[in-house]
Amino acid sequence: MKGHESPSTPTMASLPPLTSSAAAADHHHSSAAPPDPPPPPPSHAVDLLEAIAVVERDSAAIAESFTSLFASLRSALSEVTGTSIEHIQCLSDAAGRLQESAIEAAGRGNRFINSCIRLNEEMKGVDKLAKQLICTINL
C-alpha cells in the first residue's frame, strides 16, 4: 500500500542494494562457521506450551469419558430395545388372542340372540295353544 507506510518503517526502496562483495562476504560467513543455535524460547512461550499440553490431556480425558458414556448408553439402549421388542411381541400375541376371543364371544352372542328370537316365536305359538286349552277346558 504505497503512501500509507510510516516514515520509520523501511521500504524496499530505502534499503541499500546488495553488492557482490556484500553477498560474497555473507556467503563466506555462512559456510565458514555453523549457524548460531536458535535462542531458547521465551518463558511465556514455555508457559503457553505447558497450557496447551494441559488442554490436550484434559481433552483426551473428556473424549475418553464421552466414549465410555456413549458405550454405556448404547448398551442400555440395546437392552431396552430388546426388552421393548419382546414386550411388543407379547402385546401383539395378547392382542391377537383377545381378538380371537372377542370374535368367538360375538359368534356365541349372535347364536344366543338367535335362539332367544326363535324361543320367543315359539312362545307366541304356545300362548295361542294355552289360550285354546283354557277355552277348551272352560267349555
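The values are calculated or read from the model by the stated rules, or taken from the named source; none is laboratory data. Just so it is clear, the structure is predicted and the values come from calculations on it, not from any experiment. For the accessible areas, the whole protein counts, side chains as well, though only heavy atoms, and no ligand, DNA or RNA atoms are used. Shrake-Rupley method; radii C 1.70, N 1.55, O 1.52, S 1.80 Å.
Worth pointing out:
- HN-Hα J in Hz across the stretch 50-55 - Karplus 6.51, -1.76, 1.60, θ = phi - 60°, x for Gly and Pro: 5, 5, 5, 5, 5, 4
- ASP58 exposes around 80 Å² of accessible area when a 1.4 Å probe is run over every protein chain in place.
- Taking the centroid of alpha carbons for each part, the stretch 68-84 and the stretch 91-139 are 57 Å apart.
- Å² of accessible area per residue within the stretch 49-109, as computed with a 1.4 Å probe and no ligands counted: 85
- Rolling a 1.4 Å probe over the protein heavy atoms leaves ARG57 with an accessible area of roughly 150 Å².
- SER115 exposes around 50 Å² of accessible area when a 1.4 Å probe is run over every protein chain in place.
- Going by accessible surface with a 1.4 Å probe and the largest first, GLU104, GLU79 read GLU79, GLU104.
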